[in-house]
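The next block holds one structure in the form of structure tokens; read it before the comments.
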Amino acid sequence: MEENNVNVTAPAQESAPAAAPAKKPFKRVNKKKVCQFCVDKVNAIDYKEVGKLRKYVTEKGKMLPRRMTGVCAKHQRMLAEAVKRARIVALLPFKGE
Ligand SMILES: [Zn+2]
């Protein structure tokens with residue numbers, strides 16, 4: 001009685017037409033992010049500047065990855081330290097609350 005169910009879940013997937021237009025995979029606009037700290041020539045990140053730090057953490061207090069913020073490795077390390085200190089003095093929330 002259930003013979004109709006056979007092969008129903010097989011759409012015409014493999015019959016790719018040869019005349020398919022050349023589609024470019026995930027073309028991203030190449031906008032280079034620059035480290036904001038490098039631009040400002042920051043030598044030390046102050047943990048008391050919560051306004052600045054907040055741009056690099058999520059609502060929950062998680063730090064954003066470098067690939068999202070564009071912060072360079074050197075400043076990311078300093079930023080991480082500043083965020084951790086800010087958490088200890090309760091200027092920023094700990095992750096997960
Ligand atoms: Zn930098």
- Treat every Asp and Glu Cβ in segment 52-94 as -1 and every Lys and Arg Cβ as +1, leave all other atoms uncharged, and give the resulting dipole magnitude about the Cα centre to the nearest 20 debye. 80
- Taking amide H positions as placed in the peptide plane 1.01 Å from N, state which residues far from Val57 in sequence (5 or more) or on other chains have amide H under 5 Å from it. Leu64
- Query: In the structure shown, do any of Lys27/Lys62; Lys52/Lys84; Lys32/Lys84 have a Cα-Cα gap over 23 Å, and if so which?
  - Reply: Lys27/Lys62; Lys32/Lys84
- Message: Just to be sure I follow: if Rg is taken over the C-alpha atoms of segment 32-97 and Rh is the Kirkwood radius over the same atoms, what is Rg/Rh?
- Response: 0.95
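Values quoted throughout were computed directly from the atomic coordinates according to the rules given, and no laboratory measurement underlies them. It should be emphasised that the depicted structure is a prediction, and the values quoted were computed from it without experimental measurement. Quick reminder, even Gly has a Cβ in these numbers, built from the backbone with ideal geometry, and neighbours come from all protein chains shown.
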